[in-house]
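Written out below as C-alpha cells is the structure these notes cover.
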Amino acid sequence: MVSIIACIIAAALILPAVRKIQVLSRRDKCISHFYDLRAALDSYRTSNSASTYPSRLSELIDQGVPAADYVCPSSGALVGALSNVDLWTDYIYVVDLGGPHQITDIPILLCPPDNHYDVEGCLLYRGDGFVGCLWKFGFDRLLEQLYADTNLQIRVSEALTKRSKGRYRSRP
C-alpha cells in the first residue's frame, strides 16, 4: 500500500516536469524552423538578385526548406503536401508592399501564441535577423500594428485562420 502511494506521489511530481520539458523542446524546434526559413529567405533574396523577399512562403520551396519546417511542432497540425505550403503552414508571413513601413525591417514571420499553449511566448523573425520570443500581450500589440499598416501584405494559411477562428487572417 505504501509503495503504491509513493509511486503516485512520484508520478505527480515528475509529470509536470516532463510536460515542461516537452513544451520547451517543441519551442526550440519551432525556433530551429525559423532559422531554416530565415536562411531560405536570405538565400532567395541573394539567388534571385532581388531587392525584395518572396511574396509567398511557398516560393521558398526551391531553397530546400523541408515540408516539416512550415509546421510548428506545438500546433499538432499535420504536414501537408509540399506544393500546398500556403494552405497549411502555421506561420504568419508579412511582406512589405513597397510603402514606408514604420514597424520593423521586413519580412516578418510569426508563430502565433495559439501554437504555444496560448501563454508561451510566440516566435518571430524580422529581416534584420532577429529570432526570439514575445509574450502573448506583445504579440497581440505587434499584430495590431501590422494590420494597421496598409503597406503590408499579411499571409495566413487557411488552416491557421480556421484553427484561430478567424483571429488571424490574410490581408492582400
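Which residue pairs have Cβ atoms closer than 7 Å, lie 6 or more positions apart in sequence or on different chains, and pair a first residue in region 89-104 that is hydroxyl-bearing (Ser, Thr, Tyr) with a second residue that is at pLDDT below 85 and surrounded by fewer than 19 Cβ atoms within 10 Å (Cβ to Cβ)? Close Cβ pairs satisfying both conditions: 104/126.
Just so you know, in region 10-27 the residues that are aliphatic (A, V, I, L, M) and within 25 Å of residue 108 (Cβ to Cβ) include one that is surrounded by the most Cβ atoms within 10 Å (Cβ to Cβ), and it is 23. Might you check whether a residue that is surrounded by 14 or more Cβ atoms within 10 Å (Cβ to Cβ), closer than 21 Å to residue 113 by Cα and of a type in the set (Ser, Thr, Tyr) occurs anywhere in region 45-64? For region 45-64, residues surrounded by 14 or more Cβ atoms within 10 Å (Cβ to Cβ), closer than 21 Å to residue 113 by Cα and of a type in the set (Ser, Thr, Tyr): absent.
Counting only residues that are at pLDDT below 80 and among the hydrophobic types (A, V, I, L, M, F, W, C), how many does region 108-130 have? Summing the residues that are at pLDDT below 80 and among the hydrophobic types (A, V, I, L, M, F, W, C) in region 108-130 gives 5. Only one entry in 30, 7 is in contact with a Ser or Thr (Cβ under 7 Å, 6 or more places away or on another chain), assigned to a helix (DSSP H, G or I), surrounded by 10 or more Cβ atoms within 10 Å (Cβ to Cβ) and of a type outside the set (D, E, K, R), namely 30. Within region 139-166, the set of residues being touching a residue at least 12 places away in the same chain (Cβ under 8 Å) and more than 15 Å from residue 94 (Cα to Cα) comprises 158, 159, 163, 164.
The values are calculated or read from the model by the stated rules, or taken from the named source; none is laboratory data. What you see is a predicted model; the values in this text were computed from it and never measured. A quick note on method: Cβ atoms are made from the backbone with ideal geometry, for glycine too, and the neighbour counts reach across all protein chains shown.
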